[in-house]
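The values are calculated or read from the model by the stated rules, or taken from the named source; none is laboratory data. Only a predicted model underlies this, so the values are computations on that prediction, with no experimental measurement involved. Methodologically, a virtual Cβ is constructed for each residue, glycine included, from the backbone with ideal geometry; neighbour enumeration extends over all protein chains shown. With ligands, DNA and RNA removed, areas are computed over all heavy atoms of the protein, side chains included. Shrake-Rupley method; radii C 1.70, N 1.55, O 1.52, S 1.80 Å.
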Amino acid sequence: MQKEMKFGTKAIHAGLEPDPATGAIMTPIYQTSTYVQDGVGNHKGYEYSRTLNPTRHALEKNLAAIENGKFGACFGSGLAAMDCVIKMLNPGDEVISTNDLYGGSYRIFTTIFEKYGIKFHFVPMHNTKAIEEKINANTKLIWVETPTNPMMNIIDIKAVAVIAKKNNILLAVDNTFATPYLQNPLDLGADIVMHSVTKYLGGHSDVVMGALVVNDEKLAKEIYRIQNSSGAVCGPQDAFLVLRGIKTLHLRVQRHCENGKKIAEFLNTHPKVDKVYWPGLPTHPNHAIAKAQMRGFGGMVSFTLKGNKLEDALNVVKKVEIFALAESLGGVESLIGHPATMTHAAIPKAEREKTGVVDSLIRLSVGVEDVDDLLADLANALN
Ligand SMILES: *Cc1c(COP(=O)(O)O)cnc(C)c1O
């Protein structure tokens, strides 16, 4: 096989071989906890499924390939993958994180790991000076999420990587929103890529899973040690579903991007809409960085309504018929959400409004349906 396959080819083939026992072209679901050994220590590479399972192993290799990394590790959820990253640190270590980040990420940092003596600083990362100001001898990790949820801010991964390297700090990037098809943080200088596989990689809203991908062998060993020691692994059935999802990742994300663009442009000229947040719009404040580090702008679109009234926003999310009112994102079906009362309800109003999560903010996960139907659905709900 060619050494450097392109994305669509890797998505379908990387890490996958016909089943040696039967020739089955699709990776079987090895629904087993253990493996018979010919003699003590004489096994075929698999001893116990927390440590390694063939279906999960195939997915880990496939994920590593599509992120241009060498080592992949899968977990029971995106947060379990993050849990593994932070467990590499020691009490007294400090982390600098994006201030505008997924609510669950903020929760695991502040309510789980602060208790164990790890200190977190949350800074606006489009200003790299804000990062440098927080660095000291204890800083061990920089955590970046880009694009951010729900404000669609873009952080310059390359610029942050330069700071991380100079100070000998690990850089981890949550690449959930972009997907490996649109953005590869390892190529931009990151040490660790994290995914909520639940979203675009699974792609069909039927699995909860997380993953890490790295290039460095020492880092990989530490990740596998924690994966096995803490045990937050995914099951083989879920690994199979995600392997199936990834085979169409490039096709789905192409359509997510096309539909996202048409919907962002429609909203941008709609008389009832105030602001539209989509990194592909030339008016987006970080459009230039998005263009430089992403190959497309995705299907996540947020917008606010003129007058900024809570009841207007609640009316829109109630009136849509194709868009389903739900948390989560990245599936083939379109979803609509109201951050102020759903994902960000726990954050005090004054706090959330500082980052842009106002009462009329609506977030769309634009699916891969026919875009004309999606546009008509939004037009109807807005009028
Ligand atoms: C959903 C999500 C997570 C958490 O992943 P789970 O699979 O729900 O545990 C982390 N980061 C981002 C950006 C997400 O959207």
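In table form, for the structure just shown:
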quantity	calculated
Unmet criterion (only one of (1) crowded, with 18+ Cβ neighbours inside 10 Å; (2) modelled with pLDDT of 95 or more) for N380	(1)
All positions within segment 64-80 that are under 15 Å from A190 (Cβ atoms) and outside any helix (DSSP H, G or I)	E67, N68, G69, K70, F71, G72
Residue check, V160 in contact with an Asp or Glu (Cβ under 8 Å, 6 or more places away or on another chain), open to solvent by less than 40 Å² (accessible area, probe 1.4 Å) and away from the ligand (no atom under 13 Å from the Cβ)	no
Residues located in segment 319-353, provided they are touching a residue at least 40 places away in the same chain (Cβ under 8 Å) and in contact with a strand residue (DSSP E or B) (Cβ under 9 Å, 6 or more places away or on another chain)	V320, F323, S328, L329, G330, G331, E333, S334, G337, P339, T343
Failed item, numbered, when A211 is tested on (1) within 12 Å of the ligand (Cβ to nearest atom); (2) buried (at least 24 other Cβ atoms within 10 Å of the Cβ); (3) of a type outside the set (D, E); (4) not in a strand (DSSP E or B)	(4)
R244, sole failed condition from (1) touching a Phe, Trp or Tyr at 6+ places or on another chain (Cβ under 8 Å); (2) surrounded by fewer than 20 Cβ atoms within 10 Å (Cβ to Cβ)	(1)
Selection status of G189, at positive phi and not polar (S, T, N, Q)	yes
Residue selected from segment 81-126 under the condition assigned to a loop (DSSP other than H, G, I, E, B) and open to solvent by 80 Å² or more (accessible area, probe 1.4 Å), by the criterion farthest from S230 (Cα to Cα)	H126
Index of the failed condition, A290 passing every other in (1) touching a residue at least 24 places away in the same chain (Cβ under 8 Å); (2) farther than 30 Å from H57 by Cα; (3) among the small types (G, A, S); (4) outside any helix (DSSP H, G or I)	(4)
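Conditions tested, residue by residue: (1) part of a strand (DSSP E or B); (2) crowded, with 18+ Cβ neighbours inside 10 Å; (3) of a type in the set (S, T, Y); (4) at pLDDT 95 or above.
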position: M5; (1), (2), (3), (4): no, no, no, no
position: I29; (1), (2), (3), (4): no, no, no, yes
position: Q37; (1), (2), (3), (4): no, no, no, no
position: L52; (1), (2), (3), (4): no, no, no, yes
position: N62; (1), (2), (3), (4): no, yes, no, yes
